1. Residues that are in contact with a strand residue (DSSP E or B) (Cβ under 7 Å, 6 or more places away or on another chain), over 30 Å from residue 218 (Cβ atoms) and in the same structural domain as residue 283 (by TED's automatic domain parsing): does region 341-364 have at least one?
2. For region 157-253, give me every one of the helices (runs of 4 or more DSSP H) that falls completely inside it and has 3 or more residues that are modelled with pLDDT under 95 and surrounded by fewer than 21 Cβ atoms within 10 Å (Cβ to Cβ).
3. Quick test of your reading of the structure: residue 346 fulfils all but one of (1) farther than 24 Å from residue 419 by Cβ; (2) at pLDDT 95 or above. Name the failing condition by number.
4. In region 412-430, is there at least one residue being in contact with a helix residue (DSSP H, G or I) (Cβ under 7 Å, 6 or more places away or on another chain), within 30 Å of residue 198 (Cα to Cα) and without any contact (Cβ under 8 Å) to a residue 40 or more places away in the chain?
5. Quick one: residue 362 ticks every box in (1) in a helix (DSSP H, G or I); (2) over 22 Å from residue 277 (Cβ atoms); (3) in contact with a helix residue (DSSP H, G or I) (Cβ under 8 Å, 6 or more places away or on another chain) bar one, so which box is it?
6. Scan 400, 431 and give me the residue that is modelled with pLDDT of 90 or more, surrounded by fewer than 22 Cβ atoms within 10 Å (Cβ to Cβ) and more than 22 Å from residue 319 (Cβ to Cβ).
7. Just to verify a result, which residue in region 403-422, among those that are part of a loop (DSSP other than H, G, I, E, B) and in contact with a strand residue (DSSP E or B) (Cβ under 8 Å, 6 or more places away or on another chain), is surrounded by the most Cβ atoms within 10 Å (Cβ to Cβ)?
8. Return the residues of region 63-98 that are in contact with a helix residue (DSSP H, G or I) (Cβ under 6 Å, 6 or more places away or on another chain) and modelled with pLDDT under 95; say none if nothing qualifies.
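The values are calculated or read from the model by the stated rules, or taken from the named source; none is laboratory data. What you see is a predicted model, and the numbers here were worked out from it, not measured in a lab. Every residue, glycine as well, gets a Cβ built from its backbone with ideal geometry; the counts of neighbours run over all protein chains shown.
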């Protein structure tokens, strides 16, 4: 019934949007040349040492510069610095000569690099601290050069240096980067009250991010001219509707962000492999993608997409296709009395609630009674980090390196030491991850189902006519805010 109610709401929304009143033009924020970007959830923390939510990560990529970034093939590439591997445990990084100043006009040098990574070793509540525990020492050679000495060899070390560099002086003063960031990226922080306002360094273009939780309201604000840009977080009906509006341009692309069903391994029921297999077979991913997702969405098996190099030689395994009869059989073999009652937590985002109601209906046919609890984002995400759930739904965004598997499933990677939110432990997988045997680790993960993989969501961006130089990225990042333009239209 809830699924039908949600669908009815979308039908009503489309009826409302089809009325003339919703296409009436209003004075736009763009009239003052400030570009307004409406998002479903504001960033939670703009200190790159702490940020884990998608919105924070996406803003931080623009406010800060990291030593290393990734190219189109997800391989590490020089960003703020180039590097040489002196030995298996020693790396030397040389900063670019033409690097930008920090936004407070202070120069960025090797001392700032050292202070940033030194601070990670002392932050007990940072999810990134464990990532850099292998650093033995950091030595400043001169203003442009810094050397990292490792305790143990790590041929992937350079790819991990993607934390935005912070000013050493402000780190020492205990400055609050989380709410008033200072980096040396393309965008600088201006203010954060009812909206988050950033300004592009090279031309002073102001870009404001406003939080509009309801997707229908976001669409209305775009059509009214109150905002200039939307990206992601809309149901497919609204995306298709926007594609019919002459005053709006919609751009789509294939997606690489991985959505999954998280499981709590402190729960004795979910510790049973057959139960996890039953849950996987109780979900009709093909139907959800066809009926409730936008163009270019595709089924997923692993965090990293199939085109990633670690998946090229992964052992073929049977797909977890929708099979409610098999799911029931597996539950009964596990000794479960039907229906199996499970609680699923999600955010209050309308599309996430819609996914939840579809999952609820599908799982019911497999003997699983799913109770949905939709919570405000802050409460929901805190519950996930604290392990306060049975099942939850989330999406990994912007993941490039296979080390994510150690962070997400390593036995020693439970928060705050990593992102193993389900508290999964598997000695065999730990060994494969330690040996960096990514193909075998991928196979083991797919067999053991420490999570239930769902899909890679297609990406889209919708913008008012007159907005140029902006495209939807496969990882959902907002990198084109560094070059977006408002141009005059006839």
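1. yes
2. Numbers: elements: 168-172, 215-224, 236-242.
So the answer is 236-242.
3. (1)
4. No, region 412-430 has no match at all.
5. (2)
6. Working: 400 fails: modelled with pLDDT of 90 or more.
Going through 400, 431 in turn, just one is modelled with pLDDT of 90 or more, surrounded by fewer than 22 Cβ atoms within 10 Å (Cβ to Cβ) and more than 22 Å from residue 319 (Cβ to Cβ): 431.
7. Initially, region 403-422 is screened for residues part of a loop (DSSP other than H, G, I, E, B), giving 403, 410-422.
The next check asks that each one be in contact with a strand residue (DSSP E or B) (Cβ under 8 Å, 6 or more places away or on another chain); those that pass are 421-422.
Numbers: 421: 25, 422: 23.
Restricting to residues being part of a loop (DSSP other than H, G, I, E, B) and in contact with a strand residue (DSSP E or B) (Cβ under 8 Å, 6 or more places away or on another chain), the top hit is 421.
8. Scanning region 63-98 gives a single hit, 76.
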